[in-house]
Each structure stands twice: as C-alpha cells, then as structure tokens.
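Scroll down for the structure; my scribbles are underneath it.
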Amino acid sequence: MSDRSVDGRPLRLLLVEDNAGDARLLQEELREIATARFDVLHVERLADAVHVLGSASVDAVLLDLSLPDGQGLANIPRLLNAAPSVPLVVLTGTDDEQLAVQAVHEGAQDYLVKGQVTGALLVRALRYAIERKRVEEGLKREEAARQTAVFREQFLGVLGHDLRNPLQAISGNAALLLRYGVLAEPQRKAVNRISISADRMARMINDLLDFTRTRLGGGYPLTRARVNLHDVLRQVVEELEVAHPMRRFELTLSGKGWGEWDADRIAQAASNLVGNAVQYSPEDTSVSVSVRDEEGGVRMEVHNWGLPIPQERLPHIFDPFVRAQDMRSAQRNGLGLGLYITHEIVRAHGGLLQVTSTPEEGTRFWLCLPRFEKPDMLSR
C-alpha cells in the first residue's frame with residue numbers, strides 16, 4: 001500500500017470505536033505513519049457505521065467488537081450486509097486466538113488486539129485486509145460469471161433436446177404429406193414451407209447442442225475412420241447444388257484425399273463453410289472449393305466473391321454467436337454458431353482454420369488437417 005490509494009487520494013478509513021481514548025490513540029498512530037496517508041471517519045455506534053457505509057465510499061473499516069448497540073462477532077455480519085465489498089479489520093481488547101479465527105470466519109480480513117497496535121502493524125493489517133478483499137471479490141466475480149455461463153449453456157442444451165422430438169414429428173409428418181398426400185398445389189406449397197422451416201430449425205438446434213457440447217464437455221468427441229476427403233466434398237457440394245440450383249460451384253480435387261477423420265464432422269464443417277460462401281456472395285458469382293496435399297495432411301479452401309468481411313470482425317470471426325458478415329446480407333438465418341462449430345471441429349482434428357478477406361481477392365476460408373491423429377492428442 002503506497003502513500004496514496006490507487007486513484008491518488010488518501011485511504012478513507014471508518015473507525016467504529018466507542019472508547020474515546022482508544023480511538024484517539026489509533027488516530028495518532030495513523031497520523032505518525034510517514035509512508036501512508038489516511039482520512040479517518042470516527043463513529044461510536046454500529047448504527048452510525050451502517051449509515052456511513054450506505055452513504056459514503058470507504059476503503060476499509062476498523063471495527064471494535066464491543067459497542068453500545070452491538071456486541072461480539074454479531075457486529076461483523078451487520079457491517080458486511082451494509083457493505084459486502086469493504087475490507088474489515090476487527091479490534092478487540094482480548095488476545096484470544098479462537099476469537100480471531102471466528103472473526104475471520106465471519107468475514108473479517110484481519111484481527112488486532114488493542115494495546116498491541118503499532119503504526120507499522122496497523123499499516124500491514126490494512127494492506128493485507130484490502131488486498132485479501134480484492135482477491136476475494138475477484139474470485140466471487142469469476143465464479144459468478146462461470147456459474148452464469150454454465151447455467152446458460154446447460155439451459156440451451158436442455159432446450160435443444162426438448163425441442164428435437166416435436167420437431168422430428170413435424171418434419172416426419174410433412175414428409176409423409178408431400179409423398180403420399182393428395183394435395184392441391186397451394187396446399188403442397190404450404191406443406192413444403194413447413195418442411196423447409198422445420199429443417200432449418202433442426203439445424204439451429206443441432207448447432208445449439210454442438211455449442212453446449214464444446215463448452216461443457218471440453219470439445220467434440222470424434223469417431224475416426226479411414227475417409228476419402230474428396231468423396232466427402234463431392235457429396236457436400238452436390239447437396240448444395242440441389243438446394244441452390246441457380247448457383248455455380250467449382251470443385252477442384254487434387255492429391256491423395258485419404259486420412260483418418262470423422263467423416264460426418266468434416267462434412268458438417270465443409271457444409272458450414274460452403275453454405276456461408278453461398279449466403280454471403282452474389283447469385284451471379286461462383287463459389288470455389290478446392291483440396292490439395294500439404295506436408296503431413298491436406299488443405300481445403302472455400303472462396304467467394306462477396307463483400308469483404310470488415311477487418312475489425314476478423315479477430316472474432318470464430319467466436320460463438322458472432323455472424324461473419326451481418327452487413328453483407330439481409331438474410332440472417334442461423335444463430336451465428338456455424339463458424340464457431342467449424343473451428344471447433346477442425347481443432348478437434350488437430351487442424352487449423354483461418355480466413356482472409358479483401359475487396360481485391362474476395363473471402364477465402366482455408367483449413368489444414370493432419371491425415372492422422374497426433375501422438376500428443378492420443379495422450380489427452
């Protein structure tokens with residue numbers, strides 16, 4: 001603790017002491033300290049201390065345990081209820097180690113015995129109390145933030161699971177009506193819209209479940225097998241060609257496409273990247289997908305000619321609930337989890353996902369995947 005507090009002012013102390021002589025001695029000890037400056041507000045009753053803490057800013061409290069309107073350890077929680085974040089040092093005339101332990105247990109940061117207090121000891125006690133309280137408050141904030149995040153993610157996971165069953169019923173019955181129902185054209189269009197909307201909702205729910213899995217479970221569980229990446233990409237592009245018959249796709253495959261990957265997860269990541277390229281680029285431009293060999297693995301690139309991603313967004317492009325290019329498209333389907341999920345899938349495979357985006361060269365997402373699981377990943 002320096003001669004001034006952090007913001008350049010003397011430290012403000014609240015002294016709660018009904019004995020005028022003890023209060024005067026303590027204030028004299030504080031005035032004689034050359035390395036620290038204090039503004040001391042002295043009150044004699046616990047009720048007055050509670051009032052001060054509710055109306056003024058105080059850096060620390062020196063509290064006598066024997067007061068006209070409060071006795072013993074019960075004084076501590078009364079003051080802490082008034083100002084939970086203010087550090088508190090207990091003053092007592094009894095040199096009782098058990099009482100000291102109980103005082104700290106009740107919430108005090110330190111314990112001093114009257115008659116044994118020197119200026120140096122008082123400064124050390126105040127320094128310790130203030131620093132300890134800062135640490136405690138920081139830990140409380142971190143724990144509160146962690147619990148809030150866990151609750152939110154657990155809620156999303158439960159929500160996703162509970163929505164799946166009725167949504168599957170909607171999708172299944174819509175498919176049956178389209179296949180076997182005798183429908184007039186307006187009815188068929190309406191049922192088709194129901195089916196498309198249900199599929200989109202299912203993708204959102206899957207994204208939520210994937211998100212909670214990565215946050216609560218520590219990453220994606222992978223089922224690795226010998227896979228040909230060329231075959232996976234052909235299937236992804238074919239599906240998107242059916243969904244977007246007016247768009248032009250360019251698929252370039254070279255090198256050896258074999259490796260040990262989770263085919264479903266790789267297909268999900270590729271579909272997210274190519275789907276984003278379709279969504280955020282003009283309909284009269286092509287979307288390019290290419291794969292080539294790199295040392296120890298493969299490199300896949302997805303390119304589009306849409307407006308560039310703003311430079312300030314690029315450092316956060318793979319964060320959850322962040323959309324890549326809100327300003328580039330009026331369509332805002334999804335939850336902003338696609339790129340985050342793609343990044344986590346690539347990371348689970350021991351790979352790397354990056355992006356570049358400029359007006360001259362368009363937007364290019366590229367990922368590198370090792371062909372085999374790395375030894376250090378096997379030991380996790």
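The values are calculated or read from the model by the stated rules, or taken from the named source; none is laboratory data. Computed from a prediction, not measured in an experiment: that's the story for all the values here. Glycine gets a Cβ as well: all are built from the backbone with ideal geometry, and neighbour counts include every protein chain shown. For the accessible areas, the whole protein counts, side chains as well, though only heavy atoms, and no ligand, DNA or RNA atoms are used. Shrake-Rupley method; radii C 1.70, N 1.55, O 1.52, S 1.80 Å.
Scanning region 277-298 for residues that are within 25 Å of residue 206 (Cα to Cα) and either open to solvent by 40 Å² or more (accessible area, probe 1.4 Å) or touching a Pro at 6+ places or on another chain (Cβ under 8 Å) (or both) returns a single hit, 279.
Residues in region 128-136: is at least one outside any helix (DSSP H, G or I), of a type in the set (A, V, I, L, M, F, W, C), open to solvent by less than 30 Å² (accessible area, probe 1.4 Å) and modelled with pLDDT of 75 or more?
The first filter runs over region 128-136 and keeps only residues outside any helix (DSSP H, G or I), leaving none.
Scanning region 128-136, I find no residue that is outside any helix (DSSP H, G or I), of a type in the set (A, V, I, L, M, F, W, C), open to solvent by less than 30 Å² (accessible area, probe 1.4 Å) and modelled with pLDDT of 75 or more, so the answer is no.
Of everything in region 108-156 that is in contact with a strand residue (DSSP E or B) (Cβ under 7 Å, 6 or more places away or on another chain) and small (Gly, Ala, Ser), the residue that is farthest from residue 86 (Cα to Cα) is 125.
Filtered by the rule that a residue be open to solvent by less than 50 Å² (accessible area, probe 1.4 Å) and either part of a helix (DSSP H, G or I) or within 19 Å of residue 201 (Cα to Cα) (or both), region 176-186 gives a lone residue, 178.
Farther than 18 Å from residue 209 by Cβ and more than 32 Å from the chain's Cα centre (by Cα) - does that describe any residue in region 140-160? Give the steps one after another, and end with the answer.
Restricting attention to region 140-160, the residues satisfying the condition of being farther than 18 Å from residue 209 by Cβ are 140-148.
Subset that is more than 32 Å from the chain's Cα centre (by Cα): none.
No, region 140-160 contains no residue that is farther than 18 Å from residue 209 by Cβ and more than 32 Å from the chain's Cα centre (by Cα).
Identify, from the list 250, 301, the residue that is open to solvent by 30 Å² or more (accessible area, probe 1.4 Å), touching a strand residue (DSSP E or B) at 6+ places or on another chain (Cβ under 6 Å) and modelled with pLDDT of 95 or more.
Numbers: 301 fails: open to solvent by 30 Å² or more (accessible area, probe 1.4 Å).
That would be 250, the only listed residue that is open to solvent by 30 Å² or more (accessible area, probe 1.4 Å), touching a strand residue (DSSP E or B) at 6+ places or on another chain (Cβ under 6 Å) and modelled with pLDDT of 95 or more.
Restricted to region 262-313, and to residues there that are part of a strand (DSSP E or B) and β-branched (Val, Ile, Thr), the residue that is farthest from residue 232 (Cα to Cα) is 287.
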